[in-house]
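Below: one structure, written as structure tokens.
The values are calculated or read from the model by the stated rules, or taken from the named source; none is laboratory data. On a predicted model such as this, the values are computed, not experimentally measured, just so you know. Neighbour counts run over all protein chains shown; Cβ positions are idealised from the backbone, glycine included.
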Amino acid sequence: MADVPENAPDHCPGTDSEDAGKTSACQGCPNQAVCASALPKAPDPAVEEIRERLSSVKHKLLVLSGKGGVGKSTVTAQLAFGLARHEDTQVGVLDVDICGPSIPRVMGLEGEQVHQSGSGWSPVYVEDNLGVMSVGFLLASPDDAVIWRGPKKNGLIKQFLRDVDWGELDYLVVDTPPGTSDEHLSIVQYLSSAGLDGAVIVTTPQEVSLLDVRKEINFCKKVHLPVVGVVENMSGFICPSCQGESQIFPPTTGGAEKMAADMGVPFLGKLPLDPRIGKCCDEGKSFLSVEPESLAAKAYKEVIQRVEEFCSSHSNKENVLNPVE
Ligand SMILES: Nc1ncnc2c1ncn2[C@@H]1O[C@H](COP(=O)(O)OP(=O)(O)OP(=O)(O)O)[C@@H](O)[C@H]1O
């Protein structure tokens, strides 16, 4: 994992890089001597700070997808709305999809900004029991692009995990970038030390998405991250008029359910393609509240219930000490 000291220059290769202390960006950096030496690097104090900060969060979940555009942010948002349906359940959403933060839009918080208090960054609240933090809140406009190299992104992820004052939470749901990258390793390493329950993996039934999900599951296995389960999104279109179902993306190899069984991970359910889900996301609303009787809402409720069951049966203790080998 490319880890970056607080006062690192812009193009810092990261303390764990083979080039640490040797690139042109390292010239003049106060850390150059220690980075260039073969001495073991000091343990990252942020690990302990993040563990301390998140000790008031009972369950921490990552939402992953192998590919972009399969509905990861939609599932994150609707899962969070669903978990927060009980007023006494405190839920947080952390959007670390740094280059494509869509959580502010899908949760109705576009244009909001981060506020700082004495105890850290304050989440933006959708409801009293549902708070959100996103890199999108740091951008001047939703059309702004974040173009950062890995080390700087990892620095921001660390800051988000360490500095947001969530208070007491039952669930923290983390929306991640698509694929498996250096950022994922950072997130897993930092969150594992704080007790990470597991990952919800989102795919569509298309073979091209399933292929990437296999990689995602292998990534979880490699870093000892439990898989809460796989969600098949956009799985069939249910006609709002006749309720007939059509397969838009016919799976050629049995779909996500078979793939999950083959890989020995749970399957959480199928969420149909329903234009009303897209509309709710565009309007930043909870689909479960707007269309509670729809078949898609029923499917969502089953997925949410399975996630709740997983969390209540999961012992939320530190699952990994050093997941990144
Ligand atoms: N089940 C569904 N039915 C209808 N539309 C959906 C469904 N799931 C997601 N969408 C729509 O598909 C689009 C992509 O969804 P979303 O932004 O959640 O994907 P993503 O995987 O998070 O993408 P990215 O990788 O860009 O972050 C959005 O317009 C969303 O409203």
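Below is a table of values for the structure above.
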{"read-out": "Test result for V57, surrounded by 19 or more Cβ atoms within 10 Å (Cβ to Cβ), closer than 23 Å to I217 by Cβ, among the β-branched types (V, I, T) and touching a residue at least 12 places away in the same chain (Cβ under 8 Å)", "value": "no"}
{"read-out": "Failed criterion for S209 (all others in (1) in contact with a Lys or Arg (Cβ under 6 Å, 6 or more places away or on another chain); (2) assigned to a loop (DSSP other than H, G, I, E, B) hold)", "value": "(2)"}
{"read-out": "Subset of region 285-302 (residues that are closer than 16 Å to S73 by Cα and either of a type in the set (K, R) or within 11 Å of the ligand (Cβ to nearest atom) (or both))", "value": "K285, F287, Y300"}
{"read-out": "Conditions (1) hydrophobic (A, V, I, L, M, F, W, C); (2) within 21 Å of E112 (Cβ to Cβ); (3) modelled with pLDDT of 90 or more: number failed by I201", "value": "(2)"}
{"read-out": "Considering residues of region 101-128 that are under 14 Å from S286 (Cα atoms) and touching a Ser or Thr at 6+ places or on another chain (Cβ under 8 Å) only, the residue surrounded by the most Cβ atoms within 10 Å (Cβ to Cβ)", "value": "I103"}
{"read-out": "Residues located in region 254-284, provided they are within 16 Å of the ligand (Cβ to nearest atom), farther than 27 Å from V124 by Cα and surrounded by fewer than 18 Cβ atoms within 10 Å (Cβ to Cβ)", "value": "P275"}
{"read-out": "Among (1) at pLDDT below 95; (2) assigned by TED's automatic domain parsing to the domain that holds R214; (3) surrounded by fewer than 20 Cβ atoms within 10 Å (Cβ to Cβ) - the single one E325 does not satisfy", "value": "(2)"}
{"read-out": "Tabulated pairs, region 98-125, first farther than 19 Å from I187 by Cβ and assigned by TED's automatic domain parsing to the domain that holds L172, second among the basic types (K, R) and in a loop (DSSP other than H, G, I, E, B), C-beta under 8 angstrom, 6+ apart or interchain", "value": "G108/K285"}
